[in-house]
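J.: Below you will find the structure I want to go over with you.
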Amino acid sequence: MSIESERLEDELRFIVCAFREGLLWQRTCGASGLPAAPPSRKNTAPAFDAPIRNEQQGKASGGVESSKGSSSSIDSSPALPVADRLNLSVEQRLARLSDVATQIKTCERCGLCRGRKNVVYGTGAIDVDIMIVGEGPGVEEDLQGIPFVGKAGQLLDKMLAAMGYARSQVYIGNVVKCRPPNNRVPEDDEIGACMPYLREQVELVQPKVMVAMGGTAVRGLFGLGGITRVRGRWKLYQGKIPVMPTFHPAYLLRNESAKREVWDDLKQVLRHLNREVPKREK
């Protein structure tokens, strides 16, 4: 398969995934059908310079905007268009991340909210080389409200150190922000409920590269199943951000023989960033 064919295939999968998330979000909101099409306005040129805003809808659904244009109810103010988010200053983007992290504490989009102790939003710097995307909180993360702080997180810190990065030099987030019961794999509706948060994180952090750790991360970002099938092969998120899928650190704790494969994937990330690859593998 050519590079262009792979790119088109990735984009098609992303569209299908986004459409599925939209349907799941509609169901979460209690919708039972698609909205009726608005009356046609013949001989009226579309306005691209300013979004058309429905006042009632704006008051009810202002908040974090997904890539489909839908928004959440966690924020009383309308979400910024993507172009505006890209033009925000560093201080404004940090403030926006902080605001959403505060607002998400009361999120009740899915059933995971009933068993959580803390919402685990994300941590790290912005304008970074690397953004790590994991599955969801475990026991320790749920207790502390910080991603990747258990045994898997300790291993992640070692992996980052081997690449020449400290935790504070990357951004770390998860597909779902609340711990699934008994650390089970998140369900589709739970992933769909949380993906608008992750998309906004990506848009505000603006990483050069993303590393998708584990099957749930790949499923959330691309709608793909099976990490083994895509591990080590570059993907494009929203057609612009390179993503390297690899195994989750928790998997490596159970399967040490896979560490070499993950290190190979991380070396690809370093080469893409034009960073020196350590000669001694750790």
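FYI, it's all coordinate maths here, none of it is from the lab. Nothing here was measured: the structure is a model prediction, and the numbers come from that model. Glycine gets a Cβ as well: all are built from the backbone with ideal geometry, and neighbour counts include every protein chain shown.
J.: Using 13 Å as the cut-off for backbone N distance, which residues of segment 104-120 belong to the label zone defined by a point 7 Å from the Cα of residue 187 along Cα→Cβ?
T.: Residues 110-114 fall inside that zone.
J.: Through the Karplus equation 6.51 cos²θ - 1.76 cosθ + 1.60, θ set to phi - 60°, convert the phi angles of segment 262-275 into ³J(HN,Hα) values in whole Hz; use x for Gly and Pro.
T.: Listing the rounded values in order: 5, 4, 4, 5, 5, 5, 4, 4, 4, 5, 4, 8, 6, 9 Hz.
J.: Sorted by average packing, counted as other Cβ atoms within 10 angstrom per residue and highest first, what order do 146-158, 249-261 take?
T.: Working: 146-158: 19.7, 249-261: 14.5.
Most protected by this proxy first, the peptides run 146-158, 249-261.
J.: Then there is this: Using the Karplus curve 6.51 cos²θ - 1.76 cosθ + 1.60 with θ = phi - 60°, work out ³J(HN,Hα) for each residue of segment 118-130 in order, rounded to whole Hz, and write x for Gly and Pro.
T.: Running phi through 6.51 cos²θ - 1.76 cosθ + 1.60 with θ = phi - 60° gives 9, 7, 10, 7, x, 8, x, 9, 10, 6, 8, 5, 10 Hz.
J.: Evaluate the distance, in nm, between pseudo-label points positioned 7 Å from the Cα of residue 267 and of residue 228 along their respective Cα→Cβ axes.
T.: Once both label points are built, they end up 2.3 nm from each other.
J.: With θ taken as phi - 60° and the coefficients 6.51, -1.76 and 1.60, list the Karplus ³J(HN,Hα) couplings across segment 141-149 in order, rounded to whole Hz; mark glycine and proline as x.
T.: In residue order, the calculated couplings are 5, 5, 6, 9, x, 10, x, 6, 10 Hz.
J.: Right, another one. Which distance in nm do the two modelled labels at residue 276 and residue 108 give, with both placed 7 Å along the Cα-to-Cβ direction?
T.: Taking the two extended label points, one gets 5.5 nm.
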